[in-house]
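Quick notes on the structure that follows.
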Amino acid sequence: MSNLSALLQGALTTVEVCALAVILGSVLGVLLAVAFQSGSKLLQFLVRCQVSFARGTPLFIQIMVIYFLLPALGIDIPRFYAGVIALGFNSSAYISEMIRGAILTIPPGQVEAARALALPKRLIWAHITLPQVFALILPPLTVEFAALLKGSALLSVIGLVELTRTAQQVIGYSFAPITTWLQVGLLYFLMCYALAFATRYTQRMTSAYRPREAI
Amino acid sequence: MFDFSVVTFGLPILIGGLFNTILFCTISIVLGLVVGSLIAIGRVSGGSWVRVPAQVFVEIMRNTPLLVQAFLVYFALPQIGLRLSATAAGILVLSLFAAANFSEAIRSGILSVPKGQMEAARAVGMPYFVMMRRIVFAQMLGFVIPALTNQIIGVIKESAALSVITVPEVAMAAQVVVGESFGPIEAYLMVAVLYWLLTGVVAFGMGILERHVTAFRSPPGSGRNTGKTTISLAESHS
């Protein structure tokens, strides 16, 4: 039974990495979306490049580039945080796209009204746009979390001892690859499936914020 | 900081790996489309003895990492006497992964075609597979291709993980270049650019295909689609 407890420990690390990555990705995603909406052509071009690169190249390659690039830039941090940065970089592109989509569903009259009342841009973002955006992207954010859980298996390649790496270590002394990989698959499945329920739950919770048919 | 000698040394090796990536992905995508279509048809119109196993298969493939699936097939199956080469195991896993993901896109496409049309086709005696091809698949392509494009690009991106079980594709070629030249940043950045080009070309090509299959459609409101309203009215009466 100690094998299973080792795997559960690994699963905990997987969840920790992904949770931090979603937070980092959300912060970066908001910055990217705000930069895109700023109206500056240069910023829009840079955001487009980041989104296209992060979505058009494999997560595996992004992990490798970031893992080797950070020390070359003089940033010496543990593997755990290199993993968080790699996953956060990847998900920021997806999250910024979600935010852009959500902004489009907010009636433009709200921002126009706020501008007419001379509310500063900063406060329009903080009090009108972003709170609604947050409610709108909560369900797709849980989907992104599930995608990161699956993607985080690739962090085993840079030696981060998460669920997949733990499984390799367990197989090293238990010599039971079939049982171990089936257990690992089951753990990933349960985590992703739980998130599918979270998606449905958040969809119901935030349905008031979604536009109805024919406004 | 950026060492261009790694580029001149590594690029031929990486291009060779890229051709393997394209080959393996093409095989997996074609197999995935065939198996995925069968799964989608089974889930829409099969009995529960088809629907339940198909759904279980799709849920398992979509909710576990490709890497774990690859490890299970390549390292665990030899224990029960099923020994596959790395390439065969990689293509098998990638094809099943593609089939599960494609089947969801195709299934929603089938469901997007009004049910009355299928019933009408069956009522005039059209055989099931003729009906599927001429009525359902012909109409759903414009609906399915955008979703399918994302899934196909997803398969290409996921294929990079197969280098971990030593499938000789472009990410594996990068490891060879790194081992010879000690320039991991240069090597992996080159691979990233190659993938970027590949997925860009695929997205562009699928965009052309989408315009091609939706060209026959009349613009909304021009009156040619009025048949649809009649059908939905007829359905609401039944």
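For chain A, adding -39500 (n - 2.57) for each run of n ≥ 4 DSSP H residues and dividing by the number of residues yields -27000 deg cm²/dmol at 222 nm. Pairwise inverse Cα distances across the protein assembly as shown, averaged and inverted, put the Kirkwood hydrodynamic radius at 24.3 Å.
With a sphere of radius 14 Å drawn around the Cβ of A:ALA135, what net charge do the other residues whose Cβ falls strictly inside it have (Lys, Arg +1; Asp, Glu -1)?
+2
Summarise the partner chain shielding of A:48-58 as one whole number: the mean count of Cβ atoms from other chains within 10 Å of each residue's Cβ.
Per-residue shielding by partner chains comes out at 5.
Sort region A:13-161 into rounded, prolate or oblate with this rule: let a ≥ b ≥ c be the square roots of the eigenvalues of the Cα gyration tensor; rounded if a/c is under 1.5, and if a/c is not under 1.5, prolate when a/b is larger than b/c, oblate otherwise.
prolate
FRET efficiency for the A:ARG79 to A:ALA176 pair, using the beta carbon distance and R₀ = 25 Å, is estimated at 0.40.
Taking a point 7 Å from the Cα of A:LEU42 along the Cα-to-Cβ direction, none of the residues of region A:113-134 has its backbone N closer than 18 Å to it.
Applying a length cut-off of 24 Å (Cα extent along the axis) and a mean Kyte-Doolittle floor of -1.0 to the DSSP H helices of chain B leaves B:4-45, B:86-112, B:138-158, B:184-213. Partner aspartates and glutamates whose Cα lies under 17 Å from the Cα of B:LYS115, excluding those fewer than 8 positions away in the same chain, are identified as B:GLU235.
Bridging of A:LYS121 to aspartates and glutamates at a Cα separation below 14 Å is possible for A:GLU112, once same-chain residues fewer than 8 apart are set aside.
I need the shape label for chain B. Rule: rounded when a/c is under 1.5, else prolate if a/b > b/c, else oblate, with a, b, c from the alpha carbon gyration tensor. It comes out oblate by the Cα gyration axes. Between B:VAL193 and B:GLU119, the FRET efficiency from the beta-carbon distance, with R0 = 51 Å, is close to 0.50. Helices meeting the span-like rule in chain A (full DSSP H runs, Cα extent of at least 24 Å along the helix axis, mean Kyte-Doolittle score of 1.0 or higher): A:2-37, A:130-151. Partners of A:LYS150 within straight-line reach, counting aspartates and glutamates whose Cα lies under 13 Å from its Cα and excluding those fewer than 8 residues away in the same chain: A:GLU162, B:GLU158.
Filter the trypsin sites (Lys or Arg not before Pro) in region B:68-124 down to the DSSP loop ones having no more than 12 other Cβ atoms within 10 Å, then list what survives.
Hits after loop and neighbour filter: B:ARG83.
For A:THR57, nonlocal amide neighbours, meaning residues 5 or more places apart or on other chains whose placed amide H falls under 5 Å from its own, do not occur.
Values quoted throughout were computed directly from the atomic coordinates according to the rules given, and no laboratory measurement underlies them. Keep in mind that what you see is a predicted model, and the values were worked out from it rather than measured. Every residue, glycine as well, gets a Cβ built from its backbone with ideal geometry; the counts of neighbours run over all protein chains shown.
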